[in-house]
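Remarks on the structure that follows.
Please treat every number below as a calculation from the coordinates, not as lab data. Values in this document were obtained by computation on a predicted structure and should not be read as measured data. Glycine also receives a Cβ, built like all others from the backbone with ideal geometry; neighbour counts cover every protein chain displayed.
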Amino acid sequence: MDSLWDGEMESFDLDDTEVLILKVSGAIRAYDGICPHQSFSLVEGQLEDGVLTCRAHGWEFDALTGTSINPRGNALTRYDHQIEEGIIRVRPCIPTRSAAKAR
Ligand code: FES
């Protein structure tokens, strides 16, 4: 993860799940890489000023918490992770709050 710069994101496959790794304000976060709206890949979106914007329809998420900014009431699924010697280990976890169904 030393290669990830602040404001950058990458995705990779973990079994059959796309995992999004991003770095904001020096903090690493790991989320499900699929947008809760209509399942577009979030790595194709934009990460700017701590806001992750989905490329498909413009939904915005707080990159540090995963909660949606616009529209409100949704959240990304967050993954526990550890960084050891530059290697990130990701473990799926139960979301801290249930994401509302996209409409
Ligand atoms: S799929 Fe992400 S905003 Fe619609």
* Asked: Normalised by the residues of the stretch 9-91, what does the relative contact order come to in percent, with Cα pairs under 8 Å and at least six apart?
  -> 20 percent
* Structure fact -> So, over other residues within a Cβ distance under 12 Å of CYS35, counting Lys, Arg +1 and Asp, Glu -1, the net charge is -3
* Förster-model FRET efficiency, 41 Å R0, GLU44 and GLU84, C-beta, rounded to 0.05 -> 0.90
* So in the chain, what percent of DSSP beta bridges are antiparallel if you round to the nearest 5? -> 100 percent
* To do: May I ask you to work out the translational diffusion coefficient for the chain at 25 °C, viscosity 0.890 mPa s, via Stokes-Einstein with Rh from the Kirkwood sum over Cα pairs, reported in whole µm²/s?
  => 181 µm²/s
* Asked: Across the chain, where is the longest run that never hits GluC sites (Glu not before Pro) in a DSSP loop with at most 15 other C-beta atoms within 10 Å?
  -> 9-84
